[in-house]
Each structure stands twice: as structure tokens, then as C-alpha cells.
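The values are calculated or read from the model by the stated rules, or taken from the named source; none is laboratory data. Bear in mind that the values here come from a model prediction, so they are computed numbers and not experimental data. A quick note on method: Cβ atoms are made from the backbone with ideal geometry, for glycine too, and the neighbour counts reach across all protein chains shown. Protein only, heavy atoms only, side chains kept; ligands, DNA and RNA dropped before computing areas. Shrake-Rupley method; radii C 1.70, N 1.55, O 1.52, S 1.80 Å.
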Amino acid sequence: MEKLSVQDKLKYELECLNKGYKYIAGVDEVGRGPLAGPVVCAAVIMTLDKLIEGIDDSKKVSEKKRNKLSDLIKENAICYNIAEISPAVIDEINILEATKLCMKNALEGLTIKPDVALVDALTLNTDIPIVNIIKGDYLSYNIGAASIIAKVYRDNLMVELANKYPEYAFEKHKGYGTKVHIDAIKQFGPCEIHRRSFIKNFVKE
């Protein structure tokens, strides 16, 4: 995909402004795929009169740049909120429902209630109007900003958890299903932050 300029990423935001919406939130998640750790979601309402260059899908931004952008986003946001759903709840209600709940919690926990929310790929059960955007973290400035702060938050959390569970090397793979991670689960068994529903095919407890 071609790289979009920061102005190109305002298409959906400008459409919302033209409809009379003032506070426009972006919502995104990280961590749907890992074998361990929570799913994390962020909601952010960015000011649109002072744009930050480089906001994009968090997976396309280097770790060093992500960390800098995350700080800038938090400093310049009108407001933001980060939510997480635990592995136990993911196992109980499944990852899709856990992601929707996480997004809803992030959105409804904002200190300013948005007039509309731009959401990456999913529809949420909320009284806030939703604009569902496929590849939203690439196409929308606000969703891209949410993507970055959620990714930095979750990565830092997994590094902290690596200190508690050093045998799994969470600091290297952030809970995703790498060979190193799967081999560690087979050797040591799962720990309390592993998603049992994700590892049942190759681990017997």
C-alpha cells in the first residue's frame, strides 16, 4: 500500500466535521493474535488543527518512532483512554467479543464523550455513532493515533510481564506464537497470562 500523507488520512474526519460532529474519536486494538497477555484498545480524540506527521498503522512504524509518536499523541490529544481485557475473559467470551468489549470500554471511558467514533473494522454496541472503516489504522488519522498508543502500551506491558515470567521471553515476542514462545510453553507449561483457548492444540495441562 502506498504511504498516505497526514492530510490524506483526514478524509473520514473531514466528512464527520462536515456533518456537524465536533468531537471525533478513533478506536483501535492490538493483541488479538497473541497466545498470551491481554487484548488492548485505545480511543483518542485528536485535535485537527495541529497535525502530527508520521501517524500510521502501528505495525508499519518502527519501535523507536512508535514510542516518540505515542508521547506526541498523548501530549496533543484532546483526550485518550486505554483499556485491556484479560486472557481469562478472552477465554470465556472469545477474542472477537473480548475485542469489541475492550473497544467499547476504551471509547466510553473517554473524559469527553465523542459525537462520533471511527472504528477499525468492527461495529460496537454503544450509543455513540460508529463509522466502521476497513484498514482504518491506515486510512484514518484518529484510528492510526489510537493504534500507536495501544501498541506502545501493550508492548511495554509485555516487557514488564517478562520480568515476572522470564522463562517465556515475552520481551522478545510480546506473547505472539513464535517458535521460541511455543517451545517455552511446551517445556514449562502455560502461565497465568496464557490464553488457554489459544494454546489447547499443542499444550496439555
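Paramagnetic label reach from Q7 (point 7 Å along Cα→Cβ; backbone nitrogen cut-off under 15 Å): within the stretch 53-90, residues 53-54.
Evaluate the distance, in nm, between pseudo-label points positioned 7 Å from the Cα of L14 and of K186 along their respective Cα→Cβ axes. Placing both labels 7 Å beyond Cα along the Cβ direction yields 5.3 nm.
Cysteines of the chain lacking any other cysteine Cβ under 4.7 Å from their own Cβ: C16, C79, C191. Give me the tail of P(r) for the stretch 163-205 as a percent: Cα-Cα pairs with distance above 15 Å. Result: 30 percent of Cα pairs exceed 15 Å.
By the helix-only formula, in which each DSSP H run with n ≥ 4 contributes -39500 (n - 2.57) and the sum is divided by residues, the chain has a 222 nm mean residue ellipticity of -12500 deg cm²/dmol. The residue among A169, I193, A106 whose Cα reaches farthest toward the positive pole of the charge dipole of the chain, with charges on the beta-carbon of Lys, Arg, Asp and Glu, is A169. Taking every protein chain into account, the 1.4 Å probe leaves L72 with about 70 Å² of accessible area, to the nearest ten.
DSSP assigns beta bridges within the chain; of those with both partners inside it, close to 65 percent run antiparallel.
Each residue of the stretch 4-20 was assigned a 3J(HN,Hα) from its phi angle through the Karplus curve 6.51 cos²θ - 1.76 cosθ + 1.60 (θ = phi - 60°); the sequence is 9, 6, 4, 5, 5, 7, 9, 3, 6, 4, 5, 4, 5, 4, 5, 8, x Hz, with glycine and proline shown as x. In the chain, a dipole from Cβ-located charges (positive for Lys and Arg, negative for Asp and Glu) runs towards its positive end, and of A145, L4, L17 it is L4 whose Cα lies farthest in that direction. Peptides 58-66, 140-148, ordered by how many other C-beta atoms sit within 10 Å of their residues on average, highest first, read 140-148, 58-66.
Sequence-distant contacts, meaning Cα pairs under 8 Å at least 6 residues apart, place the relative contact order of the stretch 61-205 at 19 percent.
Rounded to the nearest 20, the size of the Cβ-charge dipole of the stretch 41-115 about its Cα centre is 260 debye, with Lys and Arg at +1 and Asp and Glu at -1. Which of rounded, prolate or oblate describes the chain when judged by the alpha-carbon gyration tensor and an a/c cut-off of 1.5? Verdict is prolate for the chain. Here the gap between R196 and E63, fully extended at 0.36 nm per residue and compared with their Cα-Cα distance, gives a gain of 45.0 nm. Ordered by 1.4 Å accessible area with all protein chains kept, T111, T123, T178, T99 run largest first as T111, T123, T178, T99. Rounded to the nearest 20 debye, the dipole size of the chain about its Cα centre is 420 debye, using +1 on the Cβ of Lys and Arg and -1 on the Cβ of Asp and Glu.
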